[in-house]
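Let me begin by presenting the structure, written as structure tokens, before commenting on it.
The values are calculated or read from the model by the stated rules, or taken from the named source; none is laboratory data. Given the structure is predicted, the values throughout are model-derived calculations rather than measurements. All Cβ positions, even for glycine, are placed from backbone atoms using ideal geometry, and neighbour counts span all protein chains on display. Protein only, heavy atoms only, side chains kept; ligands, DNA and RNA dropped before computing areas. Shrake-Rupley method; radii C 1.70, N 1.55, O 1.52, S 1.80 Å.
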Amino acid sequence: MHHENKYCYKYPHAALTADCVVFGFDGESLAVLLIERGIEPFKGRWALPGGFMRMDETITECARRELLEETGVDIEFVEQFNTFSSVDRDPRERVVTVAHYALVRKSDYKVMAGDDAVKAKWWKIKELPTLAFDHDSILRCAERVLRERIHFEPIGFNLLDEKFTISELQRLYEAILGVQFDRRNFHKKITGLGILVPLDAKDTSGRGRSGQLYSFNEREYNALKDKGMKLEF
């Protein structure tokens with residue numbers, strides 16, 4: 001007996017993609033992971049890693065898969081932060097993209113281009129080329145999200161090594177917020193929060209004035225977060 005598909009809609013369907021803004025920090029500068037497009041449109045231009053969602057995956061699974069296929073970077077946790085649906089954002093067809101972001105230590109990953117990307121590499125935020133599609137707007141939005149969340153979430157857990165100096169932590173906050181802090185004031189405020197654990201080890205790289213190494217006390221940080229406390233510097 002023939003049964004009609006009752007879920008046959010008359011409305012046209014837009015294509016759905018996922019794009020990834022992956023931030024990294026090398027102890028000095030904030031960077032983002034980009035791919036050089038190997039196919040049209042925008043062949044040869046730099047863009048965020050991403051691609052079309054398959055019918056058998058979620059949009060976040062798509063984001064992780066495309067990131068791995070195009071850059072060789074496998075990230076377990078990526079988070080959706082906005083949707084971009086301008087009518088003419090893709091010259092091929094009507095495409096809506098769900099933007100994701102992730103935070104990684106650059107030293108943790110070996111970037112390797114694949115799939116339809118010619119190459120992939122880290123670009124310093126202050127030295128970015130003009131990006132394909134509307135990816136400049138997506139990246140600016142991701143930067144705003146990062147600036148907002150650094151006051152409420154333990155972003156340093158993901159962008160710094162497990163052991164770090166306060167100077168490195170200060171440079172991270174300065175890179176994200178685009179401001180400069182007085183070294184003594186920053187040191188006093190950050191140590192006064194009780195979220196740092198001094199370690200029996202020293203930094204021998206010579207990059208910071210303070211050689212004392214610290215780690216995050218995640219329990220204390222989460223306790224501040226649960227109280228809704230905003231970290232002000």
Residue that is nearest to I35 (Cα to Cα), among those in the stretch 55-85 that are of a type in the set (S, T, Y) and modelled with pLDDT of 95 or more | T60
Please specify each residue of the stretch 83-116 satisfying the condition of being closer than 25 Å to F25 by Cβ, open to solvent by 90 Å² or more (accessible area, probe 1.4 Å) and in contact with a helix residue (DSSP H, G or I) (Cβ under 9 Å, 6 or more places away or on another chain).
-> M112
Please work out if K119 is within 18 Å of the chain's Cα centre (by Cα), open to solvent by 20 Å² or more (accessible area, probe 1.4 Å) and not β-branched (V, I, T).
-> no
Which numbered condition H151 misses (of (1) under 30 Å from F84 (Cα atoms); (2) out of contact with any helix residue (DSSP H, G or I) (no Cβ under 8 Å at 6 or more places or on another chain); (3) in a loop (DSSP other than H, G, I, E, B); (4) open to solvent by 50 Å² or more (accessible area, probe 1.4 Å)) = (4)
Hey, can you tell me all the residues within the stretch 15-35 that are among the acidic types (D, E) and either outside any strand (DSSP E or B) or surrounded by fewer than 18 Cβ atoms within 10 Å (Cβ to Cβ) (or both)?
-> D26, E28
In the stretch 42-73, what residues are outside any helix (DSSP H, G or I) and under 16 Å from K119 (Cα atoms)?
-> F42, K43, G44, R45, W46, A47, L48, P49, G50, G51, G72, V73
Taking first residues from the stretch 98-110 that are over 18 Å from I150 (Cα atoms) and second residues anywhere that are open to solvent by less than 20 Å² (accessible area, probe 1.4 Å) and in a helix (DSSP H, G or I), the pairs with Cβ under 8 Å that are 6 or more apart or on different chains are V98/A63; A99/I138; A99/C141; A99/A142
Residues of the stretch 178-209 being surrounded by 15 or more Cβ atoms within 10 Å (Cβ to Cβ) and modelled with pLDDT of 90 or more, in sequence order, are F181, F186, H187, L196
Is it fair to say R171 is farther than 30 Å from T97 by Cα, under 20 Å from the mean Cα position of the chain (by Cα) and assigned to a helix (DSSP H, G or I)?
-> yes
Can you tell me which residue in the stretch 210-228 is modelled with the highest pLDDT, limited to those that are out of contact with any strand residue (DSSP E or B) (no Cβ under 8 Å at 6 or more places or on another chain) and closer than 16 Å to L172 by Cβ?
-> Y221
Checked pairs for the stretch 120-138, first without any contact (Cβ under 8 Å) to a residue 60 or more places away in the chain, second of a type in the set (S, T, N, Q) and open to solvent by 50 Å² or more (accessible area, probe 1.4 Å), C-beta under 8 Å and 6 or more apart or across chains, list as D134/S86; D136/T130
Restricting attention to the stretch 154-198, and to residues there that are out of contact with any Ser or Thr (no Cβ under 7 Å at 6 or more places or on another chain) and of a type in the set (S, T, Y), which single residue is nearest to T83 (Cα to Cα)?
-> Y173
